[in-house]
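Asks: Let me give you the structure first, and then I'll get to my questions.
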Amino acid sequence: MIEAVDLSKRYGAKTAVDGISFTVKPGRVTGFLGPNGAGKSTTMRMIVGLDNPSGGDVRVNGKHYAQHSAPLREVGALLDAKAVHTKRSAYNHLRAMAATHGIPNSRVREVIEMTGLGPVAKKRVGGFSLGMGQRLGIACALLGDPHTVILDEPVNGLDPEGVQWVRHLAKGLAAEGRTVFLSSHLMSEMALTADHLIVIGRGRIIADAPISEILDGHGQSRTRVRTDNPAELVRALAADGVTSQQLEPELLEITGADSRRIAEAALAGRILVYELTPLQASLEDAYMQLTTDEVEYHSHTLPQSPAGTGAEEGR
Amino acid sequence: MAHTATAPNPEHTAARRGAASGPGVNFLRVLKSEWIKVTTIPSTVIMLTSTVVIMVGLAALFAWQTTVLLDLQSNPEMAAQVQGAPDATSLVATIPGSGLVFGQLLIGSLAVVLIASEWGTGMIRSTMVAVPKRIPALLAKQLVFALIAFVLGAGSAFAGYFVAQPILAPSELAFGLDTDGVLLHIINTGSVLALVAVLAMSIGTLLRNTAGGVVTTIGLLFVVPILVATLLAGIADWIPDAARFLPSSAGEQMVAITIADGALTQGQGALVLTGWALALLVVSLIVTRKRDV
């Protein structure tokens, strides 16, 4: 259980986290979603006491993180990959971490097994790939077999097999009744893993709801239709709230009418329809809709500058 | 890679109960953790070993140099040329710790590296998440390394004593461990290194940067004394007097066999250097407790 109340963090004039309140409950995977620079990592660092809040308060399992007598047994955190000395081996790193809590070496070997680090455990962490670094971070988070697991961008740099493994791990931990708090800027990953979403943008909470609710509320269902007479079908469907978009000469994307209604309209108008695919509103759409105004770093198409043109000519 | 568990099996749950029954963080455990950390970085172990070799080597070299000096002085023709050279007999008793300056340089730098590299690599976040009260983690690291520095310093001086005797013997300069002040000299060679380690690690903790910390430490230990003795001495009368309280001068006095008039005694030197080390340590602890990691 993680409870944040009016939590904020300012770095000089810049406000990274702006008075957010939320609760992460046990028994489910809570996703923490937001664009880069939205304040996800800062929030997680405050949860485990690395950063002091400028205002407000955050507690884990009822206490401030630093007040726990056995913090690693309460909370396991993967904050960023490779919070590890590059010249030390993974095994020795875990051993040093475990020693602070009197966690036996048998548990160290266990988490190495669990995270698939066995073959590289005795090697220097400096030579690890990003994915191996992530696995080590996760191993470290699981060391104390904690009630609460916080993973900041855990799938970063993992191969598809690793991504799937993290997904199963998170769900498994939640199913055992633990609190799982998972951050990501990848909406697709969240859609597959999280039960509940907290969406953050520019240091503020934009949404805090079950994932299904966020999908229903913000994404409209669309249907992909292939027909040899799109104009006629659009006319037949013309009604309030039905909009369509012609993507290809014979391909339409219709919003505001379900596939049954489209089929009925087509039948009534004797229009040939050869594809009718309901498209689930993607979390991505919902997310984009939620965060368009909250993105810190927009990508812009660069205007064609004279200098650029010059370079083109120079080639 | 393919072999990865997805959910804890009953075995893990059993292990969990066993593990969970133990209490949490305590200082002894943090000490053990810091001991593991120091001993599992190969370059640290290599640095420490080289320090011992160099310190013992310097003691041997200095013993040999002393015998050569004495030979020169006993030769009337050459004696004129080495006029002003210190009296060889008064030097022999400090031979065991003659590697101390070099030892300070290496131990001071290594102390900075040990803590600053935690910030450099991000390791500090793991450390502070495991020990969120922060101060025990820093104190444990300081204590572990200060102990290593003490044992290394005193051990090297002790070894230096035994290496020097056969070299000095032909010139009849060999001396016993019971000679006045020799044992204290040997022990304080370790004490100086331990205190310098604390001072340097505190600087490293404050600056959180290896290069900056090493430069600052070397500046304080080796450059400031030279500046004070040359450039600044002329500015005011009190400056050379105050120079006695620099960490380097205090350290020199700690290992001195004979105390010059007006100089600090071994005990006073120890107090001054301890003061420097403790003051920097306290500041580094307060700052680390308040600052974000």
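Asks: Can we say residue A:263 is at pLDDT 80 or above and surrounded by 14 or more Cβ atoms within 10 Å (Cβ to Cβ)?
Replies: yes
Asks: OK, next. Does residue B:194 meet the test of being assigned to a helix (DSSP H, G or I), under 20 Å from residue B:113 (Cα atoms) and modelled with pLDDT of 95 or more?
Replies: Judged against the criteria, residue B:194 is a match.
Asks: When you go through A:21, A:106 one by one, which is the residue that is surrounded by fewer than 17 Cβ atoms within 10 Å (Cβ to Cβ), more than 27 Å from residue B:114 (Cβ to Cβ) and within 13 Å of chain B (Cβ to nearest Cβ)?
Replies: None of the other options fit; the residue is A:106.
Asks: Tell me, yes or no, whether the stretch A:92-102 has at least one residue that is touching a residue at least 12 places away in the same chain (Cβ under 8 Å), more than 16 Å from residue B:40 (Cβ to Cβ), crowded, with 24+ Cβ neighbours inside 10 Å and more than 7 Å from chain B (Cβ to nearest Cβ).
Replies: Keep residues of the stretch A:92-102 that are touching a residue at least 12 places away in the same chain (Cβ under 8 Å), which gives A:93-95, A:97-98, A:100-101.
So of that shortlist, the ones also more than 16 Å from residue B:40 (Cβ to Cβ) come out as A:101.
Next, only the ones that are crowded, with 24+ Cβ neighbours inside 10 Å stay: A:101.
Going one step further and asking which of them are more than 7 Å from chain B (Cβ to nearest Cβ), we end up with none.
No, the stretch A:92-102 has no match at all.
Asks: Can you find a residue in the stretch A:64-78 that is part of a loop (DSSP other than H, G, I, E, B) and touching a strand residue (DSSP E or B) at 6+ places or on another chain (Cβ under 9 Å)?
Replies: Within the stretch A:64-78, one or more residues are part of a loop (DSSP other than H, G, I, E, B) and touching a strand residue (DSSP E or B) at 6+ places or on another chain (Cβ under 9 Å).
Asks: Out of the residues in the stretch B:95-122 that are within 14 Å of chain A (Cβ to nearest Cβ) and in contact (Cβ under 8 Å) with a residue 40 or more places away in the chain, state the one that is nearest to residue A:75 (Cα to Cα).
Replies: Going residue by residue through the stretch B:95-122, those that are within 14 Å of chain A (Cβ to nearest Cβ) are B:110, B:113-122.
In the following step, the residues that additionally are in contact (Cβ under 8 Å) with a residue 40 or more places away in the chain were identified as B:110, B:113-117, B:119-120.
On the way: B:110: 33, B:113: 29, B:114: 27, B:115: 25, B:116: 26, B:117: 25, B:119: 22, B:120: 24 Å.
My answer is B:119.
Asks: Scanning for something crowded, with 19+ Cβ neighbours inside 10 Å and within 30 Å of residue A:4 (Cβ to Cβ), does the stretch A:215-223 turn up at least one residue?
Replies: There is at least one residue in the stretch A:215-223 that is crowded, with 19+ Cβ neighbours inside 10 Å and within 30 Å of residue A:4 (Cβ to Cβ).
Asks: Please go through the stretch A:6-26 and pick out each residue that is under 22 Å from the mean Cα position of the chain (by Cα) and either outside the structural domain of residue A:63 (by TED's automatic domain parsing) or not in a strand (DSSP E or B) (or both).
Replies: A:25, A:26, listed by residue number.
Asks: Six or more apart or on different chains, Cβ atoms under 6 Å: show the pairs whose first residue is in the stretch A:234-258 and on the phi > 0 side of the Ramachandran plot and whose second is at pLDDT below 85 and surrounded by 12 or more Cβ atoms within 10 Å (Cβ to Cβ).
Replies: Final answer for the pair search is A:241/A:256; A:256/A:242; A:256/A:243.
Asks: Could you say which residue among A:107, A:95 is of a type in the set (Lys, Arg) and under 17 Å from residue B:30 (Cα atoms)?
Replies: Result of the check over A:107, A:95: A:95.
Asks: Select from the stretch A:179-197 the residues that are out of contact with any strand residue (DSSP E or B) (no Cβ under 6 Å at 6 or more places or on another chain) and either in a loop (DSSP other than H, G, I, E, B) or within 12 Å of chain B (Cβ to nearest Cβ) (or both) and list them in ascending order.
Replies: Residues satisfying the conditions are A:185, A:186.
Asks: Please go through the stretch B:245-277 and pick out each residue that is free of Cβ contacts under 8 Å to residues at least 24 places away in the same chain and assigned to a helix (DSSP H, G or I).
Replies: Within the stretch B:245-277, B:252, B:253, B:267, B:268, B:269, B:271, B:275 meet the criteria.
Asks: Every residue in the stretch A:54-72 that is more than 9 Å from every other protein chain (Cβ to nearest Cβ) and surrounded by fewer than 20 Cβ atoms within 10 Å (Cβ to Cβ), please.
Replies: A:54, A:55, A:56, A:57, A:59, A:61, A:62, A:63 - these are the residues of the stretch A:54-72 that are more than 9 Å from every other protein chain (Cβ to nearest Cβ) and surrounded by fewer than 20 Cβ atoms within 10 Å (Cβ to Cβ).
Asks: Kindly indicate the residue of the stretch B:150-190 that is within 26 Å of residue B:73 (Cα to Cα) and among the charged types (D, E, K, R) and also surrounded by the most Cβ atoms within 10 Å (Cβ to Cβ) among those meeting that condition.
Replies: B:180
Asks: Given the residues A:128, A:181, which is the only one that is surrounded by 24 or more Cβ atoms within 10 Å (Cβ to Cβ), assigned by TED's automatic domain parsing to the domain that holds residue A:87 and on the phi < 0 side of the Ramachandran plot?
Replies: Result of the check over A:128, A:181: A:181.
Asks: Shifting gears a bit: When you go through (1) without any contact (Cβ under 8 Å) to a residue 60 or more places away in the chain; (2) more than 24 Å from the chain's Cα centre (by Cα); (3) not in a strand (DSSP E or B) one by one for residue A:83, which number turns out not to apply?
Replies: The one condition residue A:83 does not meet is (2).
Asks: Please specify each residue of the stretch A:114-137 satisfying the condition of being within 12 Å of residue A:82 (Cβ to Cβ), in a helix (DSSP H, G or I) and of a type in the set (A, V, I, L, M, F, W, C).
Replies: If the condition is that a residue be within 12 Å of residue A:82 (Cβ to Cβ), in a helix (DSSP H, G or I) and of a type in the set (A, V, I, L, M, F, W, C), then A:125, A:130, A:132, A:136 are the ones that fit.
Asks: A further question on this structure: Here is a list of conditions, (1) under 24 Å from residue B:42 (Cβ atoms); (2) aliphatic (A, V, I, L, M); (3) within 23 Å of the chain's Cα centre (by Cα); (4) at the interface with chain B (Cβ under 8 Å from one of its Cβ atoms), and residue A:132 meets all of them except one; can you say which number that is?
Replies: Status for residue A:132: all satisfied but (4).
Asks: A further question follows. For the stretch B:102-123, check the following and say yes or no: at least one residue is part of a helix (DSSP H, G or I), of a type in the set (Gly, Ala, Ser) and touching a Pro at 6+ places or on another chain (Cβ under 9 Å).
Replies: No, the conditions are met nowhere in the stretch B:102-123.
Asks: Looking only at the stretch A:131-154, count how many residues are over 16 Å from residue A:76 (Cβ atoms) and either among the charged types (D, E, K, R) or touching a Leu at 6+ places or on another chain (Cβ under 6 Å) (or both).
Replies: Matching residues across the stretch A:131-154 total 1.
Asks: When you scan the stretch A:74-88, how many residues do you find that are farther than 19 Å from residue A:158 by Cα and more than 7 Å from every other protein chain (Cβ to nearest Cβ)?
Replies: So the answer is 3.
Asks: Here's something else I'd like to know. Which of the residues that make up the stretch A:116-129 are more than 7 Å from chain B (Cβ to nearest Cβ) and in contact (Cβ under 8 Å) with a residue 24 or more places away in the chain?
Replies: Scanning the stretch A:116-129 gives A:117, A:120, A:121, A:122, A:123, A:124, A:125, A:126, A:128, A:129.
Asks: Still on this structure, please answer the following. Filter the stretch A:29-38 for residues that are buried (at least 18 other Cβ atoms within 10 Å of the Cβ) and part of a loop (DSSP other than H, G, I, E, B) and give the result.
Replies: A:34, A:35, A:38
Asks: In addition: Given the criteria closer than 27 Å to residue A:177 by Cβ and of a type in the set (Gly, Ala, Ser), does residue A:106 qualify?
Replies: Yes: the conditions hold for residue A:106.
Asks: Filter the stretch A:245-260 down to the residues that are at pLDDT 85 or above and surrounded by 18 or more Cβ atoms within 10 Å (Cβ to Cβ) and list them by number.
Replies: Selection gives A:252, A:254.
Asks: Just one of (1) within 25 Å of residue A:82 (Cα to Cα); (2) part of a helix (DSSP H, G or I); (3) touching a Leu at 6+ places or on another chain (Cβ under 6 Å) trips up residue A:157, so point out which.
Replies: Exception for residue A:157: condition (2).
Asks: Please state which of the following conditions residue B:199 fails to meet, knowing it meets all the rest: (1) surrounded by 24 or more Cβ atoms within 10 Å (Cβ to Cβ); (2) more than 22 Å from residue B:280 (Cα to Cα); (3) in contact with a Pro (Cβ under 9 Å, 6 or more places away or on another chain).
Replies: All conditions are met except number (2).
The values are calculated or read from the model by the stated rules, or taken from the named source; none is laboratory data. The structure displayed is predicted, hence computed values, not measured ones. Cβ sites come from the backbone with ideal geometry, for glycine too, and all protein chains shown count toward neighbours.
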